[in-house]
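Enquirer: Let me give you the structure first, and then I'll get to my questions.
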């Protein structure tokens with residue numbers, strides 16, 4: 001049995017209060033996307049990257065801008081296009097004629113929060129420029145390794161409808177995203193609130209209409225990320241996460257199951273979920289709550305199942321229903 | 001039946017021509033034929049749809065099963081219209097009970113799947129033949145026509161399916177692209193609306209094809225009768241007779257008129273007797289007897305006219321299949337028939353007796369199928385009308401087999417100790433805190449499953465189990481489950497030991513809940 005006990009130094013009330021403030025502030029500007037905001041915060045606390053799938057106009061850019069404002073970090077946006085080159089993302093070395101030396105021009109990747117908009121519009125060559133930075137948090141430019149500012153989070157978006165002229169993300173890159181989040185239309189009431197918020201002010205930008213001051217700074221976020229390890233995870237919870245991941249490999253509807261990285265992702269996200277819910281220990285419910293966004297992009301369904309209109313979420317929900325939850 | 005009033009040209013047609021004629025008849029008399037099929041069938045279908053509101057397929061099945069009845073009214077109308085006899089709605093309604101009741105059970109039971117239904121139906125409806133007479137009549141009629149009638153049924157069954165799928169496909173095409181409808185999942189997980197719609201479309205396709213099917217079969221039947229009873233020749237003779245009768249009438253008038261004038265103007269005597277005698281002499285030299293006639297016939301038959309030989313050469317197909325199958329009776333069939341003979345004690349080894357034995361067995365099977373179907377139907381109706389005893393639902397609930405193992409835990413009643421509280425406190429006092437609360441939690445789960453009949457799926461977490469229990473009305477139980485779940489989560493996942501007071505409180509709550517009845 002895991003003998004880990006709750007970390008007495010972990011002041012759960014204080015941490016929860018700051019996360020709660022952050023959450024509420026974002027929700028005040030980005031209306032009707034509470035679930036998405038929670039999942040983004042889980043990814044942020046877990047030091048992971050997020051792939052957001054949703055139609056244009058749902059506030060993906062706004063979300064990351066608010067996040068960077070609230071956390072007092074830097075924000076960059078890259079619009080992925082078919083002619084985008086890897087050097088346009090990472091940066092490149094050039095020869096300075098005046099000083100007769102090679103100089104490094106850093107790309108937009110050197111930021112705290114990066115919005116990779118419509119990531120699947122660029123070919124695999126360009127998408128691969130993100131592999132190193134997403135995994136190792138560093139960029140190699142002209143043979144030299146450059147560190148990326150901390151915290152670093154990539155929030156990539158893709159459009160689920162328009163598939164023409166797109167390049168599906170390779171499995172290696174998909175696996176580097178901690179979560180894949182679906183962003184959907186807000187409810188009727190929320191949409192009214194949102195429209196009122198924008199139209200009653202002179203600015204079209206909801207962010208400008210609210211005076212938002214930074215709530216946390218970069219070092220506090222890093223501290224929170226480090227404190228996540230203090231959240232107690234019982235052995236049975238670990239086994240449950242592994243059982244869930246392994247079940248995706250044994251399911252006949254799935255041709256490629258989730259990798260061990262999914263197990264790690266499940267536990268990291270479950271810890272963050274527990275923290276957001278003001279707990280210093282992880283419950284099986286935390287694992288369940290993050291199972292879909294953590295695993296849905298790591299599995300591939302067989303062709304016949306896809307033809308039948310079954311989605312990855314359907315299969316994962318069945319797995320969640322059938323895999324025994326931990327007991328005693 | 002007045003053959004001289006027949007509205008189609010009475011000539012011998014091949015099968016395809018007959019079916020074509022049937023289709024033309026259906027098109028010509030479309031409205032009365034269609035309505036006479038559709039109206040009773042639709043009323044019946046609607047009534048059943050109301051009764052079997054949830055399982056609409058049953059309404060469709062029963063309407064389909066009664067097709068031999070719905071085919072009869074169009075047949076009756078067509079038989080009248082064929083001989084240029086208009087039939088009023090009143091007459092049809094008056095005739096319906098008799099039309100529908102003739103041989104009804106046979107047609108709805110063992111003849112329901114007859115491939116030659118459309119061809120055989122006129123024998124029942126129009127000729128009102130039954131039993132052995134019907135069989136003999138059909139033996140005669142079937143020669144050379146049953147094959148076409150069978151294929152007609154096969155083709156029409158396929159057409160029905162194609163039409164219903166076609167209508168459904170058309171409706172699907174009409175759904176705008178903007179409407180996000182997953183057609184595949186709709187078809188798999190049929191909702192009531194989809195179920196109802198597909199059934200209704202199938203019913204519509206049945207009504208569209210049925211008049212054509214009935215008329216094509218009727219036309220085949222008429223063609224066979226034209227052939228057998230030589231209607232074409234009879235009608236030609238009748239026409240000839242009419243023509244002669246008209247000529248004779250004219251001749252008689254002329255004769256009277258001329259006679260009147262000739263008597264007064266000419267005085268020539270005519271020796272009719274002589275003429276007669278001469279005529280007879282020319283025809284026969286001696287009085288005819290049967291023997292002399294036979295000799296004359298033989299002479300004529302020996303004549304050159306009957307011994308002309310022609311040599312004709314050409315190509316024709318050999319009937320290979322027939323040659324092969326003539327001498328091959330399957331061994332298994334012989335075995336079954338011999339077995340049946342021994343069973344039924346019939347020692348008469350003739351082909352006829354074999355056939356009857358086989359027929360007896362088939363009849364027995366059909367009766368058994370009927371009995372089973374009736375029992376099932378009664379059961380379904382009773383179930384729908386909720387006549388089954390009100391306690392049955394509770395009995396059903398009681399009969400739900402509770403799982404032995406859930407979430408990997410042994411939740412059988414036997415696995416729970418009788419004195420749960422004592423054992424819990426004993427474990428607690430020994431310092432086995434997790435085991436103590438674990439025992440109490442497992443006992444709670446067993447109680448929830450077996451006593452309170454809660455259903456949990458394998459992936460349920462403790463919190464989800466607790467949420468399910470919150471839907472019940474038992475306040476004490478709800479409070480207890482929330483309490484024990486919280487304490488269990490603390491010790492199991494947070495590794496923090498609760499105070500002893502909390503355990504005692506839990507034990508007292510357990511006693512209260514476990515002693516209370518549901």
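The values are calculated or read from the model by the stated rules, or taken from the named source; none is laboratory data. None of these values were measured; they are calculated from a predicted model. Note that each Cβ is placed from the backbone with ideal geometry, even for glycine, and that neighbours are counted across all protein chains shown.
Enquirer: Given the conditions (1) more than 22 Å from residue B:461 (Cβ to Cβ); (2) at pLDDT 85 or above; (3) within 7 Å of chain B (Cβ to nearest Cβ), report the number of the one that residue A:321 does not fulfil.
Expert: Among (1) more than 22 Å from residue B:461 (Cβ to Cβ); (2) at pLDDT 85 or above; (3) within 7 Å of chain B (Cβ to nearest Cβ), residue A:321 violates only (1).
Enquirer: Further question on the same structure: Identify, by number, the condition in (1) within 14 Å of chain B (Cβ to nearest Cβ); (2) touching a residue at least 12 places away in the same chain (Cβ under 8 Å); (3) not in a helix (DSSP H, G or I) that residue A:252 doesn't meet.
Expert: Only one criterion in (1) within 14 Å of chain B (Cβ to nearest Cβ); (2) touching a residue at least 12 places away in the same chain (Cβ under 8 Å); (3) not in a helix (DSSP H, G or I) is unmet by residue A:252, namely (1).
Enquirer: How many residues are at pLDDT below 80 and out of contact with any strand residue (DSSP E or B) (no Cβ under 8 Å at 6 or more places or on another chain) when one looks only at segment A:160-180?
Expert: Final tally of qualifying residues: 5.
Enquirer: For segment B:45-159, please list each of the helices (runs of 4 or more DSSP H) lying entirely inside it that holds at least 3 residues being more than 22 Å from the chain's Cα centre (by Cα).
Expert: Here the list reads B:72-82, B:89-101, B:131-142.
Enquirer: Turning to a different aspect of this structure: Say whether the condition of being in contact (Cβ under 8 Å) with a residue 12 or more places away in the chain, away from chain A (no Cβ under 14 Å), touching a helix residue (DSSP H, G or I) at 6+ places or on another chain (Cβ under 6 Å) and at negative phi is met by at least one residue in segment B:167-177.
Expert: yes
Enquirer: If you don't mind, there's one more thing I want to ask. Of the residues A:123, A:82, A:168, which single one is closer than 20 Å to residue A:179 by Cβ, surrounded by fewer than 20 Cβ atoms within 10 Å (Cβ to Cβ) and touching a residue at least 40 places away in the same chain (Cβ under 8 Å)?
Expert: Matching residue, one of A:123, A:82, A:168: A:168.
Enquirer: Filter segment A:272-287 down to residues that are in a helix (DSSP H, G or I) and more than 10 Å from chain B (Cβ to nearest Cβ) and give me whichever is nearest to residue A:20 (Cα to Cα).
Expert: A:276
Enquirer: Residue A:257 passes all but one of (1) more than 14 Å from chain B (Cβ to nearest Cβ); (2) under 19 Å from residue B:494 (Cα atoms); which number fails?
Expert: Residue A:257 satisfies all of (1) more than 14 Å from chain B (Cβ to nearest Cβ); (2) under 19 Å from residue B:494 (Cα atoms) except (2).
Enquirer: Let me ask you something else. Within 11 Å of chain B (Cβ to nearest Cβ), modelled with pLDDT under 90 and surrounded by fewer than 21 Cβ atoms within 10 Å (Cβ to Cβ): is that true of residue A:309 in this structure?
Expert: Judged against the criteria, residue A:309 is a match.
Enquirer: Let me ask something additional. Got a sec? Which of A:147, A:129 is touching a residue at least 12 places away in the same chain (Cβ under 8 Å) and either assigned by TED's automatic domain parsing to the domain that holds residue A:179 or buried (at least 18 other Cβ atoms within 10 Å of the Cβ) (or both)?
Expert: Going through A:147, A:129 in turn, just one is touching a residue at least 12 places away in the same chain (Cβ under 8 Å) and either assigned by TED's automatic domain parsing to the domain that holds residue A:179 or buried (at least 18 other Cβ atoms within 10 Å of the Cβ) (or both): A:129.
Enquirer: A further question follows. Give A:11, A:27, A:47, A:2 a once-over and let me know the one that is at pLDDT below 80 and within 29 Å of residue A:176 (Cβ to Cβ).
Expert: On inspection, the qualifying residue turns out to be A:2.
Enquirer: Here are some conditions: (1) in contact with a helix residue (DSSP H, G or I) (Cβ under 6 Å, 6 or more places away or on another chain); (2) within 10 Å of chain B (Cβ to nearest Cβ); (3) buried (at least 23 other Cβ atoms within 10 Å of the Cβ). Residue A:290 meets all but one. Which one does it not meet?
Expert: (2)
Enquirer: For segment B:463-486, what are the residues that are farther than 19 Å from residue B:507 by Cβ and in contact (Cβ under 8 Å) with a residue 12 or more places away in the chain?
Expert: Correct list: B:463, B:465, B:468, B:470, B:472.
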